[in-house]
4 protein chains.
Amino acid sequence: MTISVTVWNEYRHEREHDEVAELYPEGIHGAIADALREADGDTGSEFEVRTATLDEPEHGLTEDVLAETDVLTWWGHAAHDEVADEVVERVREHVLDGMGLIALHSAHYSKIFTALMGTTCSLKWREAAETERLWVVEPSHPIAAGVDEYIEVPEAEMYGERFDVPQPETLVFNSWFEGGEVFRSGCCYTRGEGRVFYFRPGHETYPVYHQPEIRQVLRNAVAWAAPGEGASSATGNSDPVEPIDTDDDRSVH
Amino acid sequence: MTISVTVWNEYRHEREHDEVAELYPEGIHGAIADALREADGDTGSEFEVRTATLDEPEHGLTEDVLAETDVLTWWGHAAHDEVADEVVERVREHVLDGMGLIALHSAHYSKIFTALMGTTCSLKWREAAETERLWVVEPSHPIAAGVDEYIEVPEAEMYGERFDVPQPETLVFNSWFEGGEVFRSGCCYTRGEGRVFYFRPGHETYPVYHQPEIRQVLRNAVAWAAPGEGASSATGNSDPVEPIDTDDDRSVH
Amino acid sequence: MTISVTVWNEYRHEREHDEVAELYPEGIHGAIADALREADGDTGSEFEVRTATLDEPEHGLTEDVLAETDVLTWWGHAAHDEVADEVVERVREHVLDGMGLIALHSAHYSKIFTALMGTTCSLKWREAAETERLWVVEPSHPIAAGVDEYIEVPEAEMYGERFDVPQPETLVFNSWFEGGEVFRSGCCYTRGEGRVFYFRPGHETYPVYHQPEIRQVLRNAVAWAAPGEGASSATGNSDPVEPIDTDDDRSVH
Amino acid sequence: MTISVTVWNEYRHEREHDEVAELYPEGIHGAIADALREADGDTGSEFEVRTATLDEPEHGLTEDVLAETDVLTWWGHAAHDEVADEVVERVREHVLDGMGLIALHSAHYSKIFTALMGTTCSLKWREAAETERLWVVEPSHPIAAGVDEYIEVPEAEMYGERFDVPQPETLVFNSWFEGGEVFRSGCCYTRGEGRVFYFRPGHETYPVYHQPEIRQVLRNAVAWAAPGEGASSATGNSDPVEPIDTDDDRSVH
C-alpha cells in the first residue's frame, strides 16, 4: 500500500536561528520527510512524501494538496496564531473525512490539534536537555512495532502532566523525565473518520528527529493513521427502514 | 450537597408555535427546571436552579452567572448560530475549569457541544412520533440510578447512527427506534476538569421532559456532572523536581 | 501478509440435528473457513485456514497448532463445559502472547471468552427468527471495511442488553432487533498482546454465516486481530536504568 | 452515606518479620482500617470498617461478611496461592453484583484481581527504597480529590511498565521512579456492576500506609467504589417488547 503523506512544518526557527539550521539543514520537515522516505517496507507500506510550510501560499495546504493526502504530519511552535483559520477548518474537515493527522511535539498547541481535542492541551515544560525515556505501555500496538521496551532520548525538552487532553483511546507511550515528571507521550484518537496520533518527542534545538527509533515510530504512526476502505455512513433526514406511521405533522421545522 | 444549576434554553419555539407553547407553557427550560426542583434527595444532592435564555443580554450567561454555576444544561435547536462566539468561549472555559455540561437532544449541533467534541456531531433524524426505547447498558452508572432496564419514550424524534462524536468514555444508554435505527443516547465525556453528558431525549413537539423517568435521568446527570474538590494541577514553564543540570542555553525562545 | 487461522467449532449441533446439518453441511467451521478462503485480498491479507473441533484429541488445539496460529475463531454453544480447562488455559496464554481471538455468537459464554473478560458475559436472548440490523458506529474501523451503513440479518436469534462485558475499547457494531432490543454486537478488546473481537451474528438454525456481508466482516476481523511485530516487553525483577542506591536490605523475600 | 468496608490482608509478613511488625504493629490491615476510620467526612461518606485476614476461617470472607460489604480492600503478597478458589469465586460474584474492590500494591498478582482482569497482571519490580512520584493525570476524578499535583513516596518498591492489564477505563495516577521507570499507578475499571481500583503504593517494609496523602487516596477510592442505587438489569430468555411473530420452531435447545 502506498500512503501519500504531507509533512507540514512552521519552518521559521530553522531560517532564523543558526543553531537550529545546523541541526535541521533541510528544515524539520526535511528530516521527517527523510525518515519516511527511508522506509524499507517495515510497516507494510510505502510512503509518497511531499512537504508544506507556513509561509507558502495557503500554507501549502490547498484543497488539492489535502485531497491527495492520506496522512498529514504537523510541526509548529512559535507561530500557531499565524495559521489561517480557514486553512485550519479545511484541514479539520479532511481529518473528519478520514485523513490521518500526526501532531508532533509543540503541535499540542496548534489550532488544528486543539480544535480536534476541544481542550486547552496545556502542559508543563522545561528546556534543560534532559533525558526522556518513552516506555511502551501497549507493546502490541502497531505504532510501537519494532521498538525496544523503551526509547531513550538523551536530550529532550520536558513536557509534564497534567496534559489537558481528553483521555486517549489508546496510550502507547508513557514518558519518564530526568527532572522528575511523567507524560503521556503517545496518544491515539479517532475524530470523525480520521485517526489522530499525538507524539511528544521533537524539539528545534535537539536532534530528536535524526534518532533512528523516533524515525521508526514516525513511520509506524503514519502507516497506522492512513485511512482504510471504511464503511458507508450517512446523516440527515432519513426515511424509516421499518414500515412505520410517518403521519405526524407537529413539526415546527 | 447543594448544586447550583443553570438551565439554558433557546426559548424560541415556545414563543412562536402554539403547539409547543401548549406542551411547554413555561418553556422547555421551565420543564427542566421543574424536574430538578422536584428532587427529593434521591441523588444525594439538592439543586438550586436558575434559568437563562438566548434572547437575554449575553444569553443570560454572564461571567457572574457562570462563576456561580456548577452545572449548565443546554437545549437549543433552530438558532445555534445566534449564540455569540464570545459566550460560547466563556462557557467552554468554565467547562474546562470544572463546570458540568448536560447537552440535550438537538444541542448535539450547538456550538458549545461541537467545540468540546471536535467533530461534526452529525446524525440521522426523522420526526415521526415513533417509539424510542433507551436501554441501560451500564446499570451501575450513577446516571442510570433508579431506572428500569429501559426507558420507553412513546413519541420521539428519531436520531440514528452514525452519530459523529468521539467514542464516549462511558456509554450509559443505547436507544432502539421503531423505524429501525439505533443510537448511543447517553454519552459521558471529560473535557478539561469538566464532565459532559449528552442525553438524546427531548423534542419541542413531544412531551418528553414531562416524563418521570426522563426527569429522573436529568437529576442524576446533573448530580453526576457537578464538580468535586479535585486535585491541584499546574501548567507552564516548571522547575525540575529532581536536581538536574539546567544549564542548557540552546533555547530559541 | 499471510495469516494463519484456526477455525474452531463445537461441531455437535450439525451432527445431531438434521436441520442444522442441512444449513451447515460442512459444519459451522466449514462455512467460516470457506468465508476466509474466498478472500480476494480485499483485507490486504491472505488466509491459511485450518479447522479444529471439540471432539478431536485436545479439541484440536495442541500446543503445536496454537503455536502456528495467528488468529483463532471460536464457535461453541451447548458444550462449553466440555472444553478442558487445560486447553482453555493454553489458548488464553497464546492470546496474551499475541494470538488474535474472534469469539462468535454463543461463544459469549465460552470458557475462553469469559476468562479473558472477567465478567459473566450474560445477556438476554430469544429464538424467533427476527430481523437484526447491525449499524456501523465506527465507520473508519478496519473491521467495518466495505460494509454498508448497516448489515441486515433477516433471521436472527435476538441477543439483548444488558450484555455483561467490560466496556469495549472500540464498539464497531450496534444491533437493532425487531422485538425491541439493542445489543453491542461488535466489540474490540486488547488482552495482553492479543486482540479480541466479539461478533454477535451466527446461529446454528439460521444461515447467517452464508451471508456475504457477514463473511466480509469475518475476514476483516481476522485481518484486524492478527498480531503484528510489536515492541519488546519484559517483566520481573529489574535493575535500575538510572544509577541509584540499591543498598536497601529490608526485603523479606 | 455510610459505607461498609472490609479491609482484607494476607497478614503473614507482620507476624513473621520483626521489621514489618515494627512498621505495621496492627498489621497492614490495621493501618488501612485506621486510614478509613480517621475520615472526617471529607469524601462525603462515613466508613464502617471491619478487617479480615488469610488465616481466619474462610479467610474471614464468608457469604455473610461479603453480603454486608460495600467495598473490599485487598492486600496480599506472598501467599496468593493459599487463597481458596471457592472464596475467590465468592468475592468475584460479589464484585460483579456491585461490591467495590480496591486492589493494593502486590495484589496485582492476587487471584481475585487477575480473574477480574483476564490478563497476567505482570510488571517489573525492584526493592531499592527509591523515590516514587505519583502524578495526577485526571485532576477532576474523585479519587484524586484533595491531592496536590503529585504525591511523593520517599521510599517505594519500584513497579514498572509494561503492566499487563487491560487499559484502564480511567487512569488517575501515573508514577515516576527514581531508577528510571514509569507505571500506571491508579487504574479504574468496571466489572459487572462493581467498580475496581488498582492503587500501586504500599509495601510491607516501607511506611507507605502511614503517609497522609496515601491515606486520603484510600478514603477517596473506597468512597468512589461504593455501589449506588443502579438501574435494573435482567438476562436470560426474554419475551419480545414489540409484538413480533415468535412461531419459529427450529430451535435445537
| Over all residues in C:198-205, what is the mean tally of Cβ atoms on other chains that come within 10 Å of each residue's Cβ? | 2
| message | Below 8 Å, C-alpha to C-alpha, sequence gap of six or more: please give me the relative contact order for the stretch C:29-77 in percent. | response | 27
| request: Return the long-range amide H neighbours of B:Val7 (sequence gap of 5 or more, or a different chain), with a cut-off of under 5 Å between placed amide H atoms. | output: B:Arg50, B:Thr51, B:Ala52, B:Thr73
| field | Inter-chain shielding of D:105-118 (mean C-beta neighbours from other protein chains, 10 Å cut-off) | value | 2
| query | For the protein assembly as shown, what does -39500 (n - 2.57) per DSSP helix run (n ≥ 4), summed and divided by total residues, give at 222 nm, in deg cm²/dmol to the nearest 500? | reply | -6500 deg cm²/dmol
| task | With everything on Cα atoms, drop me the angle between helix A:27-37 and the longest principal axis of chain A, reported from 0 to 90° to the nearest 10. | result | 70
| Relative to the other copies, what are the label-point distances for A:Asp55, with labels 7 Å from Cα along the C-beta vector, expressed in nm at one decimal and sorted shortest first? | 5.4, 7.7, 7.8
| field | Fraction of the pair-distance distribution of the stretch A:1-125 above 19 Å, Cα-Cα pairs, percent | value | 48
| Put the label 7 Å from Cα along Cα→Cβ for C:Ser251; what are its distances to the other copies, in nanometres, shortest first? | 4.2, 5.9, 7.3
| message | Using a label point 7 Å beyond Cα on the Cα-Cβ vector, give me the inter-copy distances for C:Glu16 in nanometres, one decimal, shortest first. | response | 4.8, 6.5, 7.7
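Shape verdict for the stretch B:43-101, please, from the Cα gyration tensor: rounded (a/c under 1.5), prolate (a/b greater than b/c) or oblate.
The shape class here is prolate.
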| Rounded to the nearest 20 debye, dipole of the protein assembly as shown from Cβ charges on Lys, Arg, Asp, Glu | 0
| request: Would you grab the residues whose amide H sits under 5 Å from the one on B:Asp97? Only those 5+ places off in sequence or on another chain, please, with H modelled 1.01 Å from N. | output: B:Glu193
| request: Would you work out which of D:Val5, D:Ala128, D:Phe47 lies farthest towards the positive end of the dipole of the stretch D:1-158, given +1 charges on the beta-carbon of Lys and Arg and -1 on that of Asp and Glu, about the Cα centre? | output: D:Ala128
| Can you give me the relative contact order of the stretch A:1-125 as a percent, contacts being Cα pairs under 8 Å and 6 or more apart? | 27
| request: Just add up the charged neighbours of B:Cys188: K/R +1, D/E -1, any other residue whose Cβ is under 10 Å from the Cβ of B:Cys188. | output: -1
| request: Let me know the mean shielding of C:126-132 by other chains, meaning the per-residue number of their Cβ atoms within 10 Å of its Cβ. | output: 6
| message | Please rank C:Ser140, C:Ser122, fewest neighbouring Cβ atoms within 10 Å first, as an exposure proxy. | response | C:Ser122, C:Ser140
| remark: Sorted by chain and number, the residues with a modelled amide H under 5 Å from that of B:Glu178, at a separation of 5 or more or across chains, are B:Thr131
| request: Find the chain C residue whose Cβ sits closest to the rotation axis that carries C onto D, and give that distance in whole Å. | output: C:Gly118, 2
| Dipole size in debye (nearest 20) for chain B around its Cα centre, Lys and Arg Cβ +1, Asp and Glu Cβ -1? | 580
| remark: Measuring from the longest principal axis of the C-alpha atoms of chain A, the long axis of helix A:85-96 (C-alpha) lies at a number of degrees, nearest 10, equal to 70
| request: Could you tell me how many degrees, from 0 to 90 and to the nearest 10, lie between the Cα long axis of helix B:212-225 and the main elongation axis, the longest principal axis, of the Cα atoms of chain B? | output: 10
| field | Net dipole in debye of the stretch A:180-222 [+1 Lys, Arg Cβ; -1 Asp, Glu Cβ; about Cα centre; nearest 20] | value | 160
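Could you sort out which of C:Lys124/D:Lys124; C:Lys111/D:Lys124; A:Lys111/B:Lys124; A:Lys124/B:Lys124; B:Lys124/C:Lys124 sit more than 31 Å apart by Cα distance in this structure?
C:Lys124/D:Lys124; A:Lys124/B:Lys124
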| remark: Taking Cα pairs closer than 8 Å and at least 6 residues apart, the relative contact order of the stretch C:103-248 in percent is 24
| So which GluC sites (Glu not before Pro) in the stretch D:25-75 end up in coil per DSSP with only 16 or fewer other C-beta atoms within 10 Å? | D:Glu26, D:Glu38, D:Glu68
| Along the charge dipole of chain A, which of A:Gly194, A:Ser238, A:Gly180 sits closest to the positive end, that is, farthest toward it, with unit charges on the beta carbon of Lys, Arg, Asp and Glu (+1, +1, -1, -1)? | A:Gly180
| Under 13 Å, Cβ to Cβ, from D:Glu157 - net charge with Lys/Arg +1 and Asp/Glu -1 | -4
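Just check the stretch A:59-157 against the gyration tensor rule for me: Cα atoms, a ≥ b ≥ c as the square roots of the eigenvalues, rounded for a/c under 1.5, and otherwise prolate or oblate depending on whether a/b exceeds b/c.
oblate
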| request: Bin width 5 Å, alpha-carbon pairs only: give the P(r) of chain B as whole percents, running from 0 to the bin holding the largest distance. | output: 1, 6, 13, 17, 19, 17, 10, 5, 3, 3, 2, 2, 1, 0, 0
| message | Within 13 Å, Cβ to Cβ, of B:Gly41, how many net charges do the neighbouring residues add up to if Lys/Arg are +1 and Asp/Glu are -1? | response | -3
| request: Mind telling me which of D:Ala33, D:Ala234, D:Ala226 comes out most flexible in a GNM of chain D, alpha-carbon contacts under 10 Å? | output: D:Ala234
| Of D:Ser251, D:Ser233, how do they rank once you tally other Cβ atoms within 10 Å and put the fewest first? | D:Ser251, D:Ser233
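Taken together, the values in this text are just the output of simple stated rules run on the coordinates, not laboratory data. Quick caveat: nothing in here was measured; it's all calculated off a predicted structure. A quick note on method: Cβ atoms are made from the backbone with ideal geometry, for glycine too, and the neighbour counts reach across all protein chains shown.
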